[in-house]
Each structure stands twice: as structure tokens, then as C-alpha cells.
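Data block below; observations after.
The values are calculated or read from the model by the stated rules, or taken from the named source; none is laboratory data. What you see is a predicted model, and the numbers here were worked out from it, not measured in a lab. In this analysis, Cβ positions are derived from the backbone assuming ideal geometry, glycine residues included, and neighbour counts consider all displayed protein chains. Remember, those area values only see protein heavy atoms, side chains included, never the ligands or the DNA or RNA. Shrake-Rupley method; radii C 1.70, N 1.55, O 1.52, S 1.80 Å.
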Amino acid sequence: MLNRLLRPQASLRAASAFSQKPISALPRFQTRSVHHVPGLLHGQYYSENGIPEFLSPEAYDFSWTQYQRFLVDKLNLLTQDTIDADAKPGELLVKYSKRPEMASVFNYASMAHNNHFFFNCLSPTKTEIPEKFTKDIIETCSSVESLKLDFLATANAMFGPGFVWLAKNLEREGLMHIFCTYNAGSPYPAAHARRQPADLATHTPQTALGNQFAGAMGSYSAGERNLAPGAADVQPILCVNTWEHVWMMDYGIAGKAEYLERWWDRINWEVVADNYNAHGTPRPGRGLRS
């Protein structure tokens, strides 16, 4: 009985069944779908097997196939017959980051992008960190294990749904940052106006904004820890999704820490290294089709 209470699969599957009807099927006036669920590198395998030792097929279907479909259907509904109908989610989240009246478009676009970023950095098996990237991590974080401990501690302590990011500083070579965005908040400097750098529920008026215990690491971090993430020009290279609907089906109410540990072993480090080594002007969705 206790296991059933801690692992509420039945209620989640009921919600899953309800959400299977696509949003686009509801309004009769919707005539076309421009935004689509992007393909993943191992998408067919994931659909049949889930992500081994990380997400079950049911949890994968719920958090990617159904949820991403829900997000893009809502974007199609909100943008059809407008100048934004053909815009990618990454373009929309930047365009409307400073427009409160367009919060709905921003939220669905940003969530579609963030969720894709998360799943795009996953692998069905454990991967090795490329040697050059390992050296970069050691230079800024002292060790891979130190990066892991700081990253997972930040994600596990995060109260409420959102994403935890690892980002490359584009102004100071070799510097990396860990920071949180809450709900549908965006990590990109271009969308700074809609970023949440801290959990305001845990900060008093006397506390400086910004996560003072996660951020710049290593020998480069002097004087940086009190800065909000938006103070740096960063390019996200990795993220973990901390929304409850991703992990609760498989891990139960108290299973977030186990979920994070298993996620670390399913990171596609080749993709992360490619994100880190990418050059040019930072923009949402580098390497993504969303």
C-alpha cells in the first residue's frame, strides 16, 4: 500500500489518457499545424523501450511524446493566421520575453524549447565525456565529480518546477555557470526580461538576488557568485528538467534525487561537448530544430 501511495502511476496514467486527444482536434477553426514535435536521435528506440534505467516507456511517452505534442498544439492554436505562425519556438520566446500581454505564447514556446533541449541531451546508454571537454570541466570546476555534485545538489534543492542549466560564459573563456530557471523561464540573455534567477519564495528583501551557492565555479569565480545569471552572456549547453510530471511516474513523490542520479548517467556528453564548442552569436536552439 505504501508503495502505491509513493508511486501514483494510476492517477498519472489517467491524466495521460486524457491528454492523448490532441489540442488541435478540439477547435474546428484550426486549419494547419506549422509547429511540429521534433525528432530525437534515438526517438524510435525510446518510444518502444523508454530510456533504459532512466525513464520507462510510459514516462517517456508522457513527458516527451504527449507533453511536447501538447505544447506545439498550443503554439499552433495561439499563432495560427498571425505573423508568428512560421516562427520557431526559440524565436518566439525571445520576441515576446518583454511583452507581458504575450505571456501565453512565451510560456508555451519556451517550454517547448526547454523540454526539447533536455531530451536532446539524453542517450540510451552511458557515454564518456570527450577528453578535451573533460579538461575544460576540470579547469573551471576542479573535477567532473565536483560538477556533478554541485549540479545535482542545485537541482535537488530546487523547490518547484523548472530547469537547471549548465552554461558556457561567452565573455570569459573557460568559465561555466550553473543556474535555475523556474516554470517556463528561459536561460538566454536575449530573453533576460523573463528569466527567474532565484526562487523568490526563499529570498528575503535583504538577500541579494541570484543563487549564491551555484553559478560560476573554479578559479574563475571570484566576485561572480552574487550575480544573477542574467548578468553574464551565456550559451546553455546542458539542462535537466525538474518538472514533477517527468520523474514522478517512475520515481514517486520522494524520488527526485534518484531521478537526478540516473539522469546524470544518461547524458549524451558528445552533444554537450558540441554545444560547448559551438561558435558564433548565441541563440536559442543552437543544434535544435525548435
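Taking into account only those residues within the range 137-195 that are of a type in the set (S, T, N, Q) and not in a strand (DSSP E or B), which is surrounded by the fewest Cβ atoms within 10 Å (Cβ to Cβ)?
Checked the range 137-195; the qualifying residue surrounded by the fewest Cβ atoms within 10 Å (Cβ to Cβ) is 143.
Only one of (1) among the small types (Gly, Ala, Ser); (2) within 16 Å of the chain's Cα centre (by Cα); (3) at pLDDT 95 or above is not met by residue 287, so which one is it?
For residue 287, the exception is condition (3).
Do the conditions hold for residue 93, that is, is it at pLDDT 95 or above, assigned to a helix (DSSP H, G or I) and among the hydrophobic types (A, V, I, L, M, F, W, C)?
Criteria not met by residue 93.
Has the range 69-81 got any residue that is surrounded by 23 or more Cβ atoms within 10 Å (Cβ to Cβ), among the β-branched types (Val, Ile, Thr) and at negative phi?
Yes, the range 69-81 contains a residue that is surrounded by 23 or more Cβ atoms within 10 Å (Cβ to Cβ), among the β-branched types (Val, Ile, Thr) and at negative phi.
Go through the range 253-272 and give me each residue that's part of a loop (DSSP other than H, G, I, E, B) and open to solvent by 10 Å² or more (accessible area, probe 1.4 Å).
Selection gives 253, 254, 265, 266, 268.
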